[in-house]
Amino acid sequence: MSPESRKTRRLAGVFFLGWVLLNYPILTLFNLPTSFGGIPLLYGYVFAAWALIIGLCAAITGGRRSPGDTNE
């Protein structure tokens, strides 16, 4: 399996993870009238899930450059 194929599969996995985390049934679990540090629980969850997705995408795509890559 080539590195590009592996990267594509991992990014597809992150997409589906984000789809599950930000989908209706999961969001209703955090739609409670409580707050954590002054932030409503639902807003904190959405921000944390969003940050996790961005972090995973950055970890997957921000790896080493190939030797022939001259774009800087």
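Quick notes on this one:
- Residue match in segment 40-55 (condition: aromatic (Phe, Trp, Tyr), open to solvent by 60 Å² or more (accessible area, probe 1.4 Å) and at pLDDT below 95): no
- Residue within segment 21-35 that is in a helix (DSSP H, G or I) and within 11 Å of the chain's Cα centre (by Cα) present: yes
- Count of residues meeting criterion [over 18 Å from LEU52 (Cα atoms) and either in contact (Cβ under 8 Å) with a residue 60 or more places away in the chain or open to solvent by less than 70 Å² (accessible area, probe 1.4 Å) (or both)] in segment 14-33: 1
- Residues of segment 9-41 that turn out to be in contact with a Leu (Cβ under 8 Å, 6 or more places away or on another chain) and over 22 Å from CYS57 (Cα atoms), as a count: 6
The values are calculated or read from the model by the stated rules, or taken from the named source; none is laboratory data. Bear in mind that the values here come from a model prediction, so they are computed numbers and not experimental data. Quick reminder, even Gly has a Cβ in these numbers, built from the backbone with ideal geometry, and neighbours come from all protein chains shown. These area figures cover heavy atoms from the full protein model, side chains too; ligands, DNA and RNA do not enter into them. Shrake-Rupley method; radii C 1.70, N 1.55, O 1.52, S 1.80 Å.
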